[in-house]
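Worksheet for the structure shown next.
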Amino acid sequence: MPKTKYKYNPTNLSFEEVSLSIWKRFFKLLLWVAPSIIVGLILSLIFTKQVDSPKDDQLLKDLEVNQIELSRIKKDMDLASAVLDVLEKRDEDLYRVSLYAEKMPKELNLAGSVKSRKYGYLDGYTNAELLKSTSEKLDHLEKRISNQSISFIELLNLAKQKEKMLSSIPAIQPIRNKELKKMASGYGYRIDPIYKTRKMHTGMDFTADIGTEVYVTGDGVVEDLEVNVWGYGNCVVVNHSFGFKTRYAHLSAFKVQKGQIIKRGEIIGLVGTSGKSTGPHLHYEVEKNSSKVNPINYYHSDLTPQEYETLLQMNNNSFKALD
């Protein structure tokens, strides 16, 4: 039971009972329980610092697993980047060189390598730097893969075009060796058989019997079938694309039609002596970029080295043309 307190009143020379207000009583109670509250808070803080809850334990484990997985992903991306380095080098030093393609702009391969603030929102999070570096590396890797895919598509189209070009370039003799009697005249200045003057002969003359089959020397389209009383006589002109055309003159018959698509080795006509011709033969011309060139340079697909050497000697030693 609390003691009753008294206070001396000098006015009436007597002791009066002291009565405490409710606030003073509350303050007095607070002073009495404050040490207990402070001790409890300190003990609670110490306890929570040293002992984690099951939820905290799980969060820590998840964070550790995430860090391990991010590190593993980063290593996998490093390996993918190394493989991509090899592909890019092979692309630049081998594929593009062999296909005569221009090099890929270096700016494309460097795109995305400069750090940006794209992932700035990750600042402040646990493992923020690892998250940002992994995300930035993934962006760069995706960009390089995309660029390499574009490059391979370009190279594939070039390869297909080169394949078509190789099959289109004149590359065989227009008459089989076994059908030839001889090569009467080659490319260069020759004596005209009619006018007996020195004149440029823009093709090669192959003598053969009338009716001997004439073969187209590369893939192409029949551009024209000419019928002349003089000059080339009956003549087939083939457009091979890529700047190449061939002409087969003095034929006795056509075996193709204008506009027809033909493949190397197909029969396009028969040897004759039409037009300005002094005997049965085929006059064969090769045109490149609108200029007539020496056909001797375009027999690399069906002749042995010895046969080519013989043909070269005949070309150089012939001084008179048949047309």
* To do: Please verify whether the range 263-285 includes one or more residues that are part of a strand (DSSP E or B), modelled with pLDDT under 90 and among the hydrophobic types (A, V, I, L, M, F, W, C).
  => no
* If you go through the range 115-133 one residue at a time, do you hit one that is at pLDDT 70 or above, exposed (fewer than 14 other Cβ atoms within 10 Å of the Cβ) and small (G, A, S)? -> no
* Asked: Does the range 244-264 hold any residues that are closer than 18 Å to S167 by Cα and either loosely packed, with under 14 Cβ neighbours inside 10 Å or of a type in the set (V, I, T) (or both), and which are they?
  -> T246, I261, I262, K263
* Output the number of residues of the range 140-170 satisfying the condition of being closer than 30 Å to M77 by Cα and buried (at least 16 other Cβ atoms within 10 Å of the Cβ). => 9
* Structure fact -> Quick count over the range 250-298, residues being of a type outside the set (D, E) and closer than 15 Å to Q173 by Cβ, is 16
* Would you be able to say whether some residue in the range 224-236 is closer than 24 Å to S167 by Cα, in the same structural domain as N294 (by TED's automatic domain parsing) and part of a loop (DSSP other than H, G, I, E, B)? => no
* **Filtered residues of the range 200-224 (kept if among the aliphatic types (A, V, I, L, M) and modelled with pLDDT of 90 or more)** => I210, V214, V216, V221, V222
* Asked: Within the range 59-76, is there a residue that is under 21 Å from N147 (Cβ atoms), at pLDDT 70 or above and in a helix (DSSP H, G or I)?
  -> yes
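The values are calculated or read from the model by the stated rules, or taken from the named source; none is laboratory data. All values reported here derive from a predicted model rather than from experimental measurement. Using ideal geometry, Cβ is built from the backbone for each residue, glycine included, and neighbour counts are taken over all protein chains shown.
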